[in-house]
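Structure first, commentary second.
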Amino acid sequence: MELYRWRWRLRKQRTAVLYGFCQQLYIQDGCLVIEALQESNGDENYTSAKLTSTESWTYGRLEFRAKLPSGTGLWPAIWMLPDDTTLDWPISGEIDIMEYMGSDTDTVLGTLHYGNPWVYNTGYYNLADGASFADDFHTFAVEWLPGEMRWYVDGELYQIQQDWYSTDSSGTTYAYPAPFNDDFHLILNLAVGGYFPGDPDTSTWTSTKFQIDYVRVYEYTGSLTESSGSTQTPYTDLLTNSTFDSTLDGWNTWTENGSTFTVEDGAFKANVYTILPNTWSTQLYQNVPVYKDATYQLSFRAKSSVARNLTVGLEGANNSSLFSETFSVGTDWQTYTYTFSPSVSNNSAKLLFFMGNVSGTTDTAHDIYLDDITLEALPDELVTNGDFSDGLTGWETWTENGSTYNCTDGAFVATIPTTLPNTWSAQLYQNITLPENGTYKISFKAKSSIARQITVALEKDALSPAFSQTFDVGTDWTTIEYTFSGTTSYSSAKLVFMLGNVGSTSNTAHTVQIDDVHVYQLS
């Protein structure tokens, strides 16, 4: 260990932890050891140590290999603070490469702190099959790039963050990538107690040593051009173990009222205790990455042994709500589907099912079942007001034969007279942007008061369509889907439904209805 690269000092911390140096900090078997001891020192009952690097860095890869302690109240961490102390914390920023609770030995966290008010975005890494970070050495790293942070455990990427900001003492906001574009120094410490790990319980302490094999800092040599924010493509298939085949792997549970959780017949089962003081008294949750303004579809099945309400939600930093819905559940299985767009990005948002006292839930012991929980990122939508919920806003119509158009019961309705001289004699259309070299899917529902055909086209002009296809439409609603590839970029392509004399359309007055129009960019 090169001592000139580190400094240490005796200090108190508001978590009632005393940091020192001597028996608490030493070299053993080629490793640096920070050890927490139960011993009196002034007003404190525990001593430990803390090291701060004498050097600092902006960008790079910071990596260390360590074996962590085990026991309630132990809190080892390797983290970074800025050299510039003119701004108060958390405005100035904090990078937590690794934090860990000694009572939860299979989980480590990586976090960014910033903003005013305080924002913290956290990602979690869980060891599989009951393994423990206290049983063996593991490698922890963060790659700090201009405009992006990446967290790793044993070479496995588990979190990316690309969205943050900074403010000064007057409340002025500084644009991303501040504050993480300045020099930060490293800190190694083992705390005891505090808000994060809770009060210490020495009866659970099986190892009090934070053993560090090495700390390495790799200089960043790439371009210093900083990106403008999150450019990640939203993930699909976001959830693990959606069908609860045999275990709760991938899911977390929490209760403050004695509820129990099992898997029964391939479904999640919560046996809810009679006393339900809060909405959040009983929970099932899983962390998922979501991105600002992307569209997500959540679907699941649920039932309960008693009729009641449940709440499903998505939480971001500081338990902020990104989506929340309360729904009624009965004694039979029912499928629920919700679509939402988060207002911010979060690489470790929390999808939660609240099964506590939701809207006056009955104070009776009962069982709740959940299954087939999926959260998927929907492809990019290119159509505006495709469900006609806002009337004809965003759409245009045209006729040469006296057709009339309106919206009824949330659907477009065209009333077609008897005379239909041309395919294009009656039209519904919208101008959309079609990026170059993409694969796209168009989908819509349609029906007519008579069996007929309609033509759907996406064109820059009548002579250069990206596609043109004729479909059969009957008297019942039919969902029609069509996938095509485009090679040319159209900044103002026309998506047009041609309702005139298509094919062998009967020369009879009738109506055509269209709804749920989508054009998705698949790739």
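Inside the stretch 180-215, can you point out the residues that are crowded, with 19+ Cβ neighbours inside 10 Å, over 33 Å from the mean Cα position of the chain (by Cα) and closer than 12 Å to residue 72 by Cβ?
Listed by number, the list holds a single entry, 208.
What number of residues within the stretch 100-121 are within 16 Å of residue 153 (Cβ to Cβ) and either within 19 Å of the chain's Cα centre (by Cα) or in a strand (DSSP E or B) (or both)?
The number of residues fulfilling the criteria is 5.
In the stretch 71-97, how many are farther than 15 Å from residue 184 by Cβ, surrounded by 21 or more Cβ atoms within 10 Å (Cβ to Cβ) and touching a Gly at 6+ places or on another chain (Cβ under 7 Å)?
Looking only at that region, the number is 4.
Give the residue, chosen from 505, 488, that is modelled with pLDDT under 80 and buried (at least 19 other Cβ atoms within 10 Å of the Cβ).
Going through 505, 488 in turn, just one is modelled with pLDDT under 80 and buried (at least 19 other Cβ atoms within 10 Å of the Cβ): 505.
Please go through (1) modelled with pLDDT under 90; (2) farther than 22 Å from residue 255 by Cβ; (3) of a type in the set (D, E, K, R) for residue 332 and return the number of the only condition it doesn't satisfy.
Only one criterion is unmet by residue 332, namely (1).
Would it be correct to say that residue 454 is within 38 Å of the chain's Cα centre (by Cα), part of a strand (DSSP E or B) and either at pLDDT 85 or above or buried (at least 16 other Cβ atoms within 10 Å of the Cβ) (or both)?
no
Results for (1) in a strand (DSSP E or B); (2) within 28 Å of residue 507 (Cβ to Cβ); (3) in the same structural domain as residue 439 (by TED's automatic domain parsing); (4) touching a strand residue (DSSP E or B) at 6+ places or on another chain (Cβ under 6 Å), shown as yes or no for each residue.
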position: 360; (1), (2), (3), (4): no, no, no, no
position: 363; (1), (2), (3), (4): no, no, no, no
position: 369; (1), (2), (3), (4): yes, no, no, yes
position: 387; (1), (2), (3), (4): no, no, no, yes
position: 414; (1), (2), (3), (4): yes, yes, yes, yes
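What's the total number of residues in the stretch 147-178 that are at pLDDT below 85 and not in a strand (DSSP E or B)?
Residues in the stretch 147-178 being at pLDDT below 85 and not in a strand (DSSP E or B): 14 in total.
Is it true that residue 343 is surrounded by fewer than 17 Cβ atoms within 10 Å (Cβ to Cβ) and in a strand (DSSP E or B)?
No, not satisfied.
Here is a list: 359, 345. Which entry is modelled with pLDDT under 95 and in contact with a Phe, Trp or Tyr (Cβ under 7 Å, 6 or more places away or on another chain)?
Criteria check complete, one pass: 345.
The values are calculated or read from the model by the stated rules, or taken from the named source; none is laboratory data. A quick note: this is a predicted structure, and the numbers were derived from the prediction, not measured. With ideal geometry, Cβ positions are generated from the backbone for all residues, glycine too; neighbour counts draw on all protein chains shown.
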